[in-house]
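This is the structure I want to talk about, given as structure tokens.
The values are calculated or read from the model by the stated rules, or taken from the named source; none is laboratory data. Since the model is a prediction, treat every value here as computed from it, not as a measurement. All Cβ positions, glycine included, derive from the backbone under ideal geometry; neighbour counts span all protein chains shown. What goes into the accessible areas is simple: the full protein's heavy atoms, side chains included, and nothing from ligands, DNA or RNA. Shrake-Rupley method; radii C 1.70, N 1.55, O 1.52, S 1.80 Å.
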Amino acid sequence: MKIIKKDDLDSFVDELIVNDPREVVGVKERGNKYVFDTLRSSEELRLDYDVTILPPKKYFLPQRETLLKFRSNDKIKAEPENDVIERIILGIHPYDLIAIQQMDRVFSEEPEDPNYLKKQESTVLIGVNMSKASERCFAGSMKTAFTDDGYDLMLTDLGGRYAVEIGTDKGKELLDKSGVTLEDASEDDRKLLEEIKNNLKFETKMNFEPGELPELMKANYGNDKFWEENAENCYSCGTCNLVCPTCYCFDVKDLMEVTLTEGSRIRQWDGCLLEHFAEVAGGENFREERAERYRHRYMRKGLYLHNKFEDIACVGCGRCSSQCVPDIADPAEIFNKLKEGEI
Amino acid sequence: MNESPYLPEDATILKITPMTERETLFEIKLDNYNALGHQPGQFVEVSVPGVGEAPISISSSPTKKGNSFELCVRAVGNVTNVLHGLKEGDKIGIRGPYGTGFPVDELKGKDVLFIAGGLGIAPLRSFINYALDRRDEFADVKILYGCRAPCEILYGDEVGGWKERDDIRYHETVDRCPEGVCWEGNIGVITTLIPGIDIDLENTYAVVCGPPIMYRFVLMELDKKNIPDERIILSLERHMKCGLGKCGHCQINGSKGEYYVCQDGPVFNYADIKGFEEAL
């Protein structure tokens, strides 16, 4: 573990923005919320944020991206497309880093998805431990408040100074190349880091171990009354899907230029809460009811993706809870209610 | 890392055979002259650049001569409507084959009862023709085929041939027959054919494909015939957007956890999806 002074960290960031050919992204304030966006100066970087509107998945699985380009002269020719921008992303909280690791498993499962993987591999991930948790964040309960891997560098605010943990050679190289002044961490620094981690408080909690979720979800698939009651005020708007760091479902469709000589096949975020998600061409919809779609999302988070990848696919970031207009999408609340109702 | 799994193979429409008002048969050849290399029951993503992709089941048997394959397409969405407007010699894209096919090896030496409803004959035909081309590999073969009306019968000429063969039994029915239309077969929904069928319970597999509503009633009838669930094979329709087990559109729940119909299906053993409400 190393120590970097706040001023030195600022110079390090400014240096990257000016001299590194890669795009430097960080957490910025927008309105009274926070977003991941391109940094123009270290002054914009807010490492003390609570949560961003969207998770950093947008850099690896963009809202909309081109998979193929069509060009037509005599005949139409399709060519694969992957718009990879090399990036350095600063200030990713541990729960988001864990979510990225989950997505890596999804897109590296055969058949591999180069559109995601090449973007991910071309990115340097610089994490930051939370200095405060958002009101709806329950990462403490999901064991995602801290992580030992999934980052190239990890920062922790020690007050005027930052602890720097080096996760990979890629991270070490970035520091070495910059020539930034780093000190070795003392025993007191390590103690302080542990203290800061121990003092992190969460207002929202899930009252049991996340490892119990798969069995709990399995037992409650047929609990129709529960799902109907909780989905009663669902707008089927899909916001919970869009803001979720582990939701990755997508639609594939074609766009044609007005000239009709060029076009593209794109993929864009889709959501299982949206009404037509499971509909087939003839009109049959296999999750026609709101409650079925609502349940599906929780089954994905607590059971289905666990069966496939051994991950609990909710990292407790609280984005769905805080951005759901009727406020019915809080996983901690849903999971707690299911647990309380357990027979 | 491999080339994009989303890049289709160039292919050419060799032959177009209109079958009904809504369904047309396309014979297609990959431009690299390779055979598709499919198993009966698998599907492809058909790509019309600028319009999109649609998952379509392969309707021809891999035992068919030549390297071409056939797709029976109902004009029902954007891609399929544009396909219906294409001409012989036009280019399309093909990805696949995807998914698991019918368990042909497991069924070798068994009696096979094919039950097709409407467009369900399209995927089933890949296996029916396989079984007819390798007739000695299967024991008793029966085909039940039901449509809403005589004008909706698909593969009319081929079906005529099935009627003539003495090494299989073929029964057909229509839900209704308009006045003035000549129809010598049964009238009534497909389930009305099942009670009269003789089944060797020890040795019979039922292979079923049709619309969701048909499954519900056919499965009830097969239950009455005491055919065990694990010897009922069916093929599910879903709108697979990627075919790669990623996009999430075709995911359903089932007895062994969740299934991605594009990879774990579209062919399933009934025992694995029985009672799971998202499946049927």
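I'd like the full set of residues that are within 9 Å of another protein chain (Cβ to nearest Cβ), in contact (Cβ under 8 Å) with a residue 12 or more places away in the chain and open to solvent by 60 Å² or more (accessible area, probe 1.4 Å), limited to region A:242-255. Before the answer, list the steps.
To start, the set of residues in region A:242-255 that are within 9 Å of another protein chain (Cβ to nearest Cβ) comprises A:247-255.
Then drop every residue that is not in contact (Cβ under 8 Å) with a residue 12 or more places away in the chain, which leaves A:247-254.
Residue satisfying the conditions is A:LYS253 alone.
Quick test of your reading of the structure: B:ILE143 fulfils all but one of (1) modelled with pLDDT of 95 or more; (2) within 26 Å of B:PHE26 (Cα to Cα); (3) part of a helix (DSSP H, G or I). Name the failing condition by number.
(3)
So, one more: Out of all the residues in region A:98-107, is one or more facing another protein chain (nearest Cβ under 10 Å) and not aromatic (Phe, Trp, Tyr)?
Step one: of region A:98-107, the residues facing another protein chain (nearest Cβ under 10 Å) are A:106-107.
Restricting the remaining residues to those that are not aromatic (Phe, Trp, Tyr) gives A:106.
Scanning region A:98-107 turns up at least one residue that is facing another protein chain (nearest Cβ under 10 Å) and not aromatic (Phe, Trp, Tyr).
Among the residues of region B:103-113, which ones are surrounded by fewer than 24 Cβ atoms within 10 Å (Cβ to Cβ) and of a type outside the set (Val, Ile, Thr)?
B:PRO103, B:ASP105, B:GLU106, B:LEU107, B:LYS108, B:GLY109, B:LYS110, B:ASP111
Which one is modelled with the lowest pLDDT, of the residues in region A:56-90 that are within 12 Å of chain B (Cβ to nearest Cβ) and not in a strand (DSSP E or B)?
Selected residue: A:ASP74.
Do we find that B:ASN78 is modelled with pLDDT under 95 and either more than 13 Å from every other protein chain (Cβ to nearest Cβ) or over 18 Å from the mean Cα position of the chain (by Cα) (or both) in this structure?
When the stated conditions are applied, B:ASN78 passes them.
For region A:284-294: of the residues being basic (Lys, Arg) and more than 10 Å from chain B (Cβ to nearest Cβ), which is nearest to A:CYS247 (Cα to Cα)?
Top of the filtered list is A:ARG293.
Right, next: Of all residues in region A:40-87 being within 23 Å of the chain's Cα centre (by Cα) and among the aromatic types (Phe, Trp, Tyr), which is surrounded by the fewest Cβ atoms within 10 Å (Cβ to Cβ)?
Residue satisfying both the conditions and the ranking: A:TYR59.
Among the residues of region B:94-112, is there at least one that is touching a Lys or Arg at 6+ places or on another chain (Cβ under 7 Å) and either in a strand (DSSP E or B) or at pLDDT below 95 (or both)? Walk me through it before giving the result.
Residues of region B:94-112 touching a Lys or Arg at 6+ places or on another chain (Cβ under 7 Å): none.
No: region B:94-112 contains no residue that is touching a Lys or Arg at 6+ places or on another chain (Cβ under 7 Å) and either in a strand (DSSP E or B) or at pLDDT below 95 (or both).
Which one of A:GLU165, A:GLU203, A:GLU209 is at pLDDT 95 or above, under 25 Å from A:TYR298 (Cα atoms) and surrounded by 12 or more Cβ atoms within 10 Å (Cβ to Cβ)?
None of the others qualify; the one that does is A:GLU203.
List the number of the failed condition for A:LYS191; all other conditions in (1) in contact with a Gly (Cβ under 9 Å, 6 or more places away or on another chain); (2) surrounded by fewer than 18 Cβ atoms within 10 Å (Cβ to Cβ); (3) not in a loop (DSSP other than H, G, I, E, B) hold.
(1)
Would you check which residues across region A:304-314 are closer than 16 Å to A:CYS244 by Cβ and part of a helix (DSSP H, G or I) and list them?
So the first thing to find is which residues in region A:304-314 are closer than 16 Å to A:CYS244 by Cβ, and the list is A:304-306, A:309, A:311-314.
A:TYR304, A:LEU305, A:HIS306, A:PHE309, listed by residue number.
Give me the pairs, please: first residue somewhere in region B:1-25 and among the aromatic types (Phe, Trp, Tyr), second residue anywhere and assigned to a strand (DSSP E or B), beta-carbon distance under 7 Å, and either six or more positions apart or on two chains.
Every condition considered, the pairs that remain are B:TYR6/A:LEU67; B:TYR6/A:LEU68; B:TYR6/A:PRO80; B:TYR6/A:ARG265.
Further question: Given the conditions (1) over 25 Å from A:CYS247 (Cα atoms); (2) within 14 Å of chain A (Cβ to nearest Cβ), and given that B:ASP198 satisfies all but one, which numbered condition is not satisfied?
Checking B:ASP198 against (1) over 25 Å from A:CYS247 (Cα atoms); (2) within 14 Å of chain A (Cβ to nearest Cβ), the one that fails is (2).
Filter region A:307-331 down to the residues that are within 14 Å of chain B (Cβ to nearest Cβ) and surrounded by fewer than 22 Cβ atoms within 10 Å (Cβ to Cβ), then identify the one that is nearest to A:ILE98 (Cα to Cα). Let's see the steps before the verdict.
Step one: list which residues in region A:307-331 are within 14 Å of chain B (Cβ to nearest Cβ), which gives A:307-311, A:313.
Within this subset, residues satisfying the condition of being surrounded by fewer than 22 Cβ atoms within 10 Å (Cβ to Cβ) are A:307-311.
Numbers: A:ASN307: 17, A:LYS308: 16, A:PHE309: 13, A:GLU310: 13, A:ASP311: 10 Å.
Ranking the candidates gives A:ASP311 first.
Please specify each residue of region B:1-35 satisfying the condition of being within 11 Å of another protein chain (Cβ to nearest Cβ), open to solvent by 30 Å² or more (accessible area, probe 1.4 Å) and over 19 Å from B:VAL79 (Cβ atoms).
B:MET1, B:ASN2, B:GLU3, B:ASP31 - these are the residues of region B:1-35 that are within 11 Å of another protein chain (Cβ to nearest Cβ), open to solvent by 30 Å² or more (accessible area, probe 1.4 Å) and over 19 Å from B:VAL79 (Cβ atoms).
Which residues, counting only those in region B:36-48, are polar (S, T, N, Q) and within 14 Å of chain A (Cβ to nearest Cβ)?
Of everything in region B:36-48, just one residue is polar (S, T, N, Q) and within 14 Å of chain A (Cβ to nearest Cβ), namely B:SER47.
Is it the case, given these coordinates, that A:THR259 is closer than 30 Å to A:ASP7 by Cα, open to solvent by 40 Å² or more (accessible area, probe 1.4 Å), more than 10 Å from chain B (Cβ to nearest Cβ) and not in a helix (DSSP H, G or I)?
no
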